[in-house]
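Please treat every number below as a calculation from the coordinates, not as lab data. None of these values were measured; they are calculated from a predicted model. Don't worry about glycine lacking a Cβ; one is built from the backbone with ideal geometry, like all the others, and counts go over all protein chains shown.
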Amino acid sequence: MNMLVNGEWRVGAYESTNDEGEFDRQETTFRNRIEDDPDAEFPAESGRYHLYVSYACPWAHRTLLVRSLKGLEDAISVSVVDPFREDDGWEFSPEKEGCTEGHLHGYEYLRDVYTEADSEFTGRVTVPVLWDKERETIVNNESREIMRMLDTEFDSVANSDVTLYPEGDRDEVDELIDNIYDPINNGVYRAGFAGGQEAYERAIDDLFSALDRYDDLLEDRRYLAGPVLTEADVAMFTTLVRFDAVYYTHFKCNVRRISDYENLGPYLRDLYQTPKVAETVNMSHIKEHYYRSHADLNPKRIVPVGPELDFEASHDRDELPGGPPEDVEAPAR
């Protein structure tokens with residue numbers, strides 16, 4: 001994989017698998033925190049922060065989804081990169097549908113945003129990126145932490161009273177996010193980028209054991225933590241919504257589709273039909289990114305036409321206790 005080394009772009013400088021052929025995800029680097037405190041180093045203020053994302057990336061999608069559910073569209077601006085990532089990394093292609101320019105600096109590549117924050121930066125250039133317009137630097141590029149900050153620190157400027165990290169459920173939400181990360185969120189990547197049969201099969205075993213377990217859990221729960229939508233569901237959703245279209249084939253996660261599951265399939269449709277969620281899903285960007293960007297997995301870079309996915313189909317999960325947050329305004333139809 002490609003990365004910055006002391007501020008210089010290097011192709012093939014990062015090895016994505018370890019000696020056992022297992023996918024090895026690099027840790028994120030910028031880990032500062034925005035706080036709902038005017039005296040904080042990074043105080044929560046409307047108009048001060050900018051989010052760099054890809055619609056294709058499940059990690060970036062988490063942050064877009066929380067921004068939407070919290071009604072932070074006016075408070076936090078967004079730039080969207082091209083879903084097709086070549087040797088130069090994430091690129092801004094404003095002429096392409098669903099993409100934007102790099103609004104703040106006019107840069108052609110996201111890597112330039114990283115070197116703007118740190119001219120000697122060494123590491124992978126990833127999305128999401130949360131940028132501080134006042135201090136001209138990256139605050140954070142860890143999706144879980146950005147998701148939490150958007151959820152808990154911006155209530156004073158949000159247009160919604162939704163909370164995805166409710167008091168009384170926080171320990172369970174944190175445990176759920178921890179427990180779905182390695183086998184599911186990262187598990188599809190562990191399978192797709194495995195460098196050997198044994199590593200691949202370990203990832204697949206972990207992935208489908210976990211999916212089976214959560215399918216059972218959701219038999220009598222509307223959401224992962226019970227009757228209330230939480231950050232854990234956001235983290236699960238961005239993997240599940242990509243699964244049948246991409247991971248099932250491209251990453252060889254073809255034991256079962258999510259639509260084959262008795263509870264996970266309807267649960268996915270229920271989440272998709274929650275107001276403000278569907279507008280954050282761009283399936284054409286998702287498919288283009290995976291099938292065209294990973295030439296080692298798909299050398300011809302042909303993007304499949306199917307499958308036909310009906311996320312608007314009935315889910316019948318409104319018979320279970322709980323439901324979508326009442327404070328989320330339904331989109332105009």
**OP:** Using a 10 Å cut-off on Cβ atoms, rank the peptides 281-294, 61-74, 250-263 from the highest mean neighbour count down.
**Re:** 61-74, 281-294, 250-263
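Just want to confirm a number: the relative contact order over the chain, from Cα pairs under 8 angstrom separated by 6+ residues, in percent.
Reported relative contact order: 20 percent.
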Original post:
Put +1 on the Cβ of every Lys and Arg and -1 on every Asp and Glu Cβ in the chain; which of 305, 274, 126 then has its Cα farthest towards the positive end of the dipole?
Top reply: 305
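Shape call for segment 111-180 from the C-alpha gyration tensor, a ≥ b ≥ c root eigenvalues: rounded (a/c under 1.5), prolate (a/b greater than b/c) or oblate?
Oblate, because a/c is 1.5 or more while a/b does not exceed b/c.
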Original post:
Where nothing but the Cβ of Lys and Arg (+1) and of Asp and Glu (-1) is charged, how large is the charge dipole of the chain around its Cα centre, in debye to the nearest 20?
Top reply: 1120 debye
**OP:** Can you tell me how much longer the chain between residue 37 and residue 108 gets when fully stretched, taken as 0.36 nm per residue apart minus their C-alpha distance, in nm with one decimal?
**Re:** 22.1 nm
**OP:** Give the relative contact order (percent, whole number) for segment 102-195; include only Cα pairs under 8 Å separated by 6+ residues.
**Re:** 13 percent
Original post:
Could you give the dipole magnitude of segment 129-250 about its Cα centre, charging the beta-carbon of Lys and Arg +1 and that of Asp and Glu -1, in debye to the nearest 20?
Top reply: 480 debye
**OP:** Just grab the label-to-label distance for residue 119 and residue 88, each label 7 Å out from Cα along the Cβ direction, in nm (one decimal).
**Re:** 2.3 nm
Original post:
How many lysine pairs does the chain hold where the Cα atoms are under 24 Å apart and the two sit 8 or more places apart or on different chains?
Top reply: 9
Subject >> Cα extents of the chain along the three principal axes, largest first (Å) >> reply: 53, 50, 37
Subject >> DSSP bridge pairs, the chain: antiparallel proportion in percent, nearest 5 >> reply: 75 percent
Original post:
For segment 188-333, what is the relative contact order in percent, using Cα pairs closer than 8 Å and at least 6 residues apart in sequence?
Top reply: 28 percent
Subject >> Residues with amide H under 5 Å from that of residue 82, placed H, sequence gap 5 or more >> reply: 91, 92, 93
Original post:
What are the residues whose amide H is under 5 Å from the amide H of residue 77, where those residues sit 5 or more places off or on another chain and H is modelled from the backbone?
Top reply: 49, 51
**OP:** Using a Gaussian network model of the chain whose springs link C-alpha atoms within less than 10 Å, name the residue from 58, 275, 299 with the highest mean-square fluctuation.
**Re:** 299
Original post:
Any idea which of 23, 46, 92 is furthest toward the positive side of the dipole for segment 2-112, if Lys and Arg beta-carbons carry +1 and Asp and Glu beta-carbons -1?
Top reply: 46
Original post:
HN-Hα J couplings of segment 243-260 from phi, Karplus 6.51/-1.76/1.60, θ = phi - 60°, integer Hz, Gly and Pro as x?
Top reply: 5, 5, 7, 10, 5, 4, 9, 5, 9, 6, 9, 9, 5, 8, 8, 5, 5, 7
